[in-house]
Amino acid sequence: MHIIFEEAVRLLKEGKVVAVPTETVYGLAASLSQPAAIDRIFALKKRPLSNPLIIHLSKVEQLSPFVTHIPKEVREMAAAFWPGPMTLVLPIALFTIPNRVCAGLPTAAFRIPGHPMTLSLMDRSGPLVMPSANLSGRPSATCSAHVEEDFGNDFPVLDGGPCSHGLESTILHRSNDRWQIVRLGALPAAAFSEVLGYTPDVVSHEKEKSPICPGQLFRHYAPRARLKLTSAAASCRGVVIGFSDRSYPEAAQVFTLGSLLSPQKVAENLYHTLRQLDLEGIEEAYVDMLFPDHGLWNTIAERLTKASAK
Ligand code: TXA
Ligand code: MG
């Protein structure tokens, strides 16, 4: 159910959960100062309590109450990428953030999203916690219709149009004096080299007992359909997820992600396409994985790999 801006402000202040747009994906928002609403996010999404939430701010100054010190490098990264699809994991001052938000970790994840409507909303509501607005494990929502698919037509959504990036933010964590990427996202690793003086490594902690980024452990972004990834485009048959610049002679039906010349467009279409498989009742699809392995393509490959996991 689409709601107007003032209604979203009112509901958030009353301790309700509202879906709101960001430039990456839609978020399921609750006010940071409303513990019951934060609990409701976990229940609505069926999200494990061990998976912490990102705190969204409208200005860098709003970081101050939560972190004892804002290092120069964080200010430089913020100046370069915020508002935008970068999330920073920072050590937090004791007792400043409800335990359920950071899942008991000594850190919290912060970002200033690049969507004017949600920035204005936070000027009124204060900081918002928001995971992606999808049932846990499902493809993220990149338009208001996707939110309604997962949470029903009566769920309050502030409609800000389709998301321009279509992939979640890139999450960075600092370890041994170097930033590492703990979740690939809408900003490729190389984007950070000018500000940092090096390209951050992409780290995976999936096999560790206490991963740095707990949400990366699970099968994720997945439609109900079984996805079969293949780098042999010629062997794609039946239902195929592929590219407009390639032909699939063995395919009965092709879902096109866009052109190999535009990873940005492919990113924008990715979750919509995965959701479309479910709407059409498809049980199995081949995915053409024969695409470059740099920049945004790496994020696209990671999402498809997680979406195909058992
Ligand atoms: O683009 C985005 O980041 C979207 C929009 C709505 O802002 N949000 C999003 O939230 O993707 P969510 O909850 O779907 O994913 C957040 C990820 C999870 O993998 C979680 O484990 C990680 O952020 N995270 C949150 N707090 C963390 C922390 N303190 N340390 C490491 N990872 C953290
Ligand atoms: Mg998510």
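So which aspartates and glutamates can Lys310 reach, going by Cα to Cα under 18 Å and dropping same-chain residues fewer than 8 places off?
Within reach: Glu206, Asp278, Glu283, Glu284, Glu302.
For the chain, what does -39500 (n - 2.57) per DSSP helix run (n ≥ 4), summed and divided by total residues, give at 222 nm, in deg cm²/dmol to the nearest 500?
-8000 deg cm²/dmol
Obtain the radius of gyration and the Kirkwood radius of the chain from its C-alpha atoms and give Rg over Rh.
Details: Rg = 19.1 Å, Rh = 19.9 Å.
Ratio value, two decimals: 0.96.
GNM on the chain, C-alpha springs below 10 Å: top fluctuator among Pro127, Pro188, Pro35?
Result: Pro35 has the largest fluctuation of those listed.
Quick check on the stretch 111-264: of the DSSP beta bridges with both residues there, what percent are antiparallel, nearest 5%?
Antiparallel bridges: around 40 percent, rounded to the nearest 5.
With a 10 Å radius around each residue's Cβ, average the other Cβ atoms per peptide and rank 261-268, 17-24, 107-114, highest first.
17-24, 107-114, 261-268
Please work out whether the stretch 220-279 counts as rounded, prolate or oblate from its C-alpha gyration tensor, where a ≥ b ≥ c are the square roots of the eigenvalues and a/c under 1.5 means rounded, while otherwise a/b larger than b/c means prolate and anything else oblate?
oblate
So what is the relative contact order for the chain, in percent, with contacts set as C-alpha pairs under 8 Å and at least six apart?
It comes to 19 percent, rounded to a whole number.
Taking N as the number of residues in the stretch 121-271, what is its Cα Rg relative to 2.2 N^0.38 Å? Don't skip to the end; give the middle numbers.
Details: Rg = 18.3 Å, N = 151, 2.2 N^0.38 = 14.8 Å.
Cα-based Rg divided by the globular estimate yields 1.24.
What's the local net charge at Val202, with K and R +1, D and E -1, over the other residues with C-beta under 10 Å away?
Net charge around Val202: -1.
Enter the angle in degrees (range 0 to 90, nearest 10) between the Cα long axis of helix 116-125 and the first principal axis of the Cα atoms of the chain, meaning the one along which they spread out most.
Tilt relative to the chain: about 30 degrees.
Go through 63-71, 273-281 and give me the packing order, highest mean Cβ count within 10 Å leading.
Ranking, from highest mean packing down: 273-281, 63-71.
In degrees, nearest 10, range 0 to 90: what is the angle between the Cα axis of helix 263-279 and the longest Cα principal axis of the chain?
80 degrees
If you fit an axis through the alpha-carbon atoms of helix 72-81 and take the longest principal axis of the Cα set of the chain, what angle between them do you get, 0 to 90°, nearest 10?
50 degrees
Using a 1.4 Å probe on the protein chains only, how many percent of the accessible area of the chain belongs to carbon and sulfur?
Looking at the chain in its full context, I get 55 percent from C and S.
Among the DSSP beta bridges whose two residues both lie in the chain, what percent are antiparallel, rounded to the nearest 5?
Of the beta bridges lying entirely in the chain, close to 45 percent run antiparallel.
Net charge near Pro162, counting Lys/Arg +1 and Asp/Glu -1 over other residues with Cβ under 11 Å of its Cβ? Please list the in-between numbers first.
Details: positive: none; negative: Glu23, Asp159, Glu268.
Net of charged neighbours comes to -3.
With a 1.4 Å probe and all protein chains kept in place, how much accessible area does Lys228 have, in Å² rounded to the nearest 10?
80 Å²
Provide, as a two-decimal number, the C-alpha radius of gyration of the stretch 1-56 over 2.2 N^0.38 Å, N being how many residues it has.
Taking the Cα Rg and dividing by 2.2 N^0.38 Å, one obtains 1.11.
In percent, how large is the relative contact order of the stretch 96-162, given Cα pairs closer than 8 Å and 6 or more residues apart?
Details: 37 pairs, mean separation 12.6, N = 67.
Normalised by residue count, the contact order of the stretch 96-162 is 19 percent.
Rounded, prolate or oblate: pick one for the stretch 48-150, where a ≥ b ≥ c are the square roots of the eigenvalues of its C-alpha gyration tensor, a/c under 1.5 means rounded, and failing that, prolate if a/b is larger than b/c, else oblate.
On the way: a/c = 1.96, a/b = 1.31, b/c = 1.49.
It comes out oblate by the Cα gyration axes.
Taking the Cβ of Arg275 as the center, what net charge do the other residues with Cβ under 11 Å away carry, scoring Lys and Arg +1 and Asp and Glu -1?
Numbers: positive: Arg138, Arg224; negative: Glu149, Asp150, Asp278, Glu280.
Local net charge: -2.
With every protein chain kept in place and ligands, DNA and RNA left out, what is the accessible area per residue of the stretch 2-51? Probe 1.4 Å, answer in Å².
41 Å²
The values are calculated or read from the model by the stated rules, or taken from the named source; none is laboratory data. Computed from a predicted structure; not experimentally measured. When we count neighbours, we look across all protein chains shown, and the Cβ atoms used for this are built from the backbone with ideal geometry, even at glycine. Ligands, DNA and RNA are excluded from the accessible area calculation, which covers all protein heavy atoms including side chains. Shrake-Rupley method; radii C 1.70, N 1.55, O 1.52, S 1.80 Å.
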